[in-house]
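Take this structure first; my questions come after.
The values are calculated or read from the model by the stated rules, or taken from the named source; none is laboratory data. Only a predicted model underlies this, so the values are computations on that prediction, with no experimental measurement involved. Cβ coordinates were reconstructed from backbone atoms using ideal geometry, including for glycine residues, and neighbour counts include every protein chain displayed. Only protein heavy atoms, including side chains, enter the accessible area calculation; ligands, DNA and RNA are left aside. Shrake-Rupley method; radii C 1.70, N 1.55, O 1.52, S 1.80 Å.
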Amino acid sequence: MIAYLSKIHDLLAQFKSYALRQILREENTTADALARLACCNVSDRANLVPIQFLEEPNITGIEEIEMMDASPNWMTPIATYLNTRELPDYRNEVRKMRRKAARYIIVEGIMYKRGF
């Protein structure tokens with residue numbers, strides 16, 4: 001942590017002025033979600049947020065990390081059905097797909113689970 005603090009002080013010295021302001025938890029849902037993730041079992045939430053474990057602190061530069069995995073997963077058939085209404089070939093799978101898809105909605109290209 002000392003190395004990170006030192007790096008921050010070096011970067012702040014490059015500015016003419018700056019102001020620090022505390023952001024309330026209610027106004028910063030992203031940080032709140034990450035804080036909840038940190039206190040949970042990583043394997044339970046591993047599919048929600050990409051996690052990279054570093055062997056040692058990295059303060060020298062920023063690596064480019066691919067955040068999205070485009071490979072097909074369990075959501076792919078549901079998203080395809082919601083976007084194109086394309087159904088599977090078999091009758092039993094059609095019923096299962098319609099039942100599963102009823103629980104989800106796509107808004108502006110992002111699939112969300114419906115709430116009650």
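One residue is enough: does region 64-77 have a residue meeting the conditions at pLDDT below 75 and not in a loop (DSSP other than H, G, I, E, B)? Even if it seems obvious, please write down each step before you answer.
Taking region 64-77 first, the residues at pLDDT below 75 are 64-70.
From the residues that got through so far, the ones that are not in a loop (DSSP other than H, G, I, E, B) too are none.
No, because not a single residue in region 64-77 is at pLDDT below 75 and not in a loop (DSSP other than H, G, I, E, B).
Further question on the same structure: Output the qualifying pairs, or none if there are none: Cβ atoms under 8 angstrom, residues six or more apart or on different chains, first residue in region 12-38 and open to solvent by 80 Å² or more (accessible area, probe 1.4 Å), second residue assigned to a helix (DSSP H, G or I) and of a type in the set (Asp, Glu).
Filtered contacts from region 12-38: Arg25/Asp32.
Identify all residues within region 84-116 that are surrounded by 13 or more Cβ atoms within 10 Å (Cβ to Cβ) and farther than 16 Å from Trp74 by Cβ; write none if there are none.
Result: Leu87, Val94, Ile105.
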